[in-house]
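The values are calculated or read from the model by the stated rules, or taken from the named source; none is laboratory data. Quantities reported herein were computed from a predicted structural model and do not represent experimental measurements. A quick note on method: Cβ atoms are made from the backbone with ideal geometry, for glycine too, and the neighbour counts reach across all protein chains shown.
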Amino acid sequence: MEEGIPAELRRDRMLTLVREREFMRVADLSSIFGISEVTVRADLASLADRGVLQRVHGGAMVRDPILRVERSFEEALDEYSAEKAGIGRYAADTVRSGETIILDVGTSTTSIAKALVARSDLSDVTVFTSSLTIALELEPVIPRFTVVITGGTLRPKQHSLVDPMAGFIFDNVHASAAFIGCNGVHPESGVTNVNLPEAEMKRKMVAAAQRTVVVADGSKLGNISVAKVVDLSDIDQLITGPSAPPEVVADLASRGVSVEIAEPEARA
């Protein structure tokens, strides 16, 4: 019987039990902790909201947190679109005339490109990108902007360019900021991505920039993908949206991550 322990500690112990046994029934947890089944369900719901376990009928089971399936750019485009637009606007507002920046591939970084196009006050901005989509988005602002595409091997799924050859340019570039997309931002596992060649490109972008800004809609927070990009200590800022789980945001902030919540863009 563990009656009377603080709720957060109780939930941590519940999570440990679920991970050890892979599945725990509500009734069993009620008996172990000496609390009502209503309280158990509330605890499990809180843990599920954090993305650390999966609620199933009658109890909870371990959640496979590893995202292994890559979706196409088009499949991801409409999801959290207003939130991504807000993230893009927030990130674009940090760019100043005369800067050199790096824009990674992805739907959130494409939103940055769209927001940069809308900023008529900017000039002499140089953008390095491995995304054909972003290059096309930025084409209308040439010659106010200089747009440099990395070259390399084309990946149709993301309309992106990867090694061989794509990474060479980042070994010879010094940028003010790199805006990096990802599939997961996790308090313990850091920034991860579903595709290994893309992850390697992202690491090169981070190494080439004075400042690293990760842009990720709230659904990415708490997730882990197969390929490590960087540790949390390697990023200067995370820009996300209001769908981000508050518990994960708090955990990231407690580990020294500067987290900014961008307001979604209003849709007509």
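Some notes on this structure:
- Taken together, the criteria place ILE101 among residues that are crowded, with 24+ Cβ neighbours inside 10 Å and either farther than 16 Å from ALA208 by Cβ or assigned by TED's automatic domain parsing to the domain that holds LYS228 (or both).
- Extreme residue, nearest to ARG203 (Cα to Cα), among residues of segment 92-105 that are among the β-branched types (Val, Ile, Thr) and assigned to a loop (DSSP other than H, G, I, E, B): VAL105
- From the list ALA207, ALA199, the lone residue that is under 30 Å from ASP251 (Cβ atoms), small (Gly, Ala, Ser) and modelled with pLDDT of 95 or more is ALA207.
- If you go through segment 232-248 and keep only what is assigned to a helix (DSSP H, G or I) and either among the aromatic types (Phe, Trp, Tyr) or modelled with pLDDT of 95 or more (or both), you end up with LEU232, SER233, ASP234.
- Qualifying position, being part of a helix (DSSP H, G or I) and in the same structural domain as VAL194 (by TED's automatic domain parsing), among THR109, THR146: THR109
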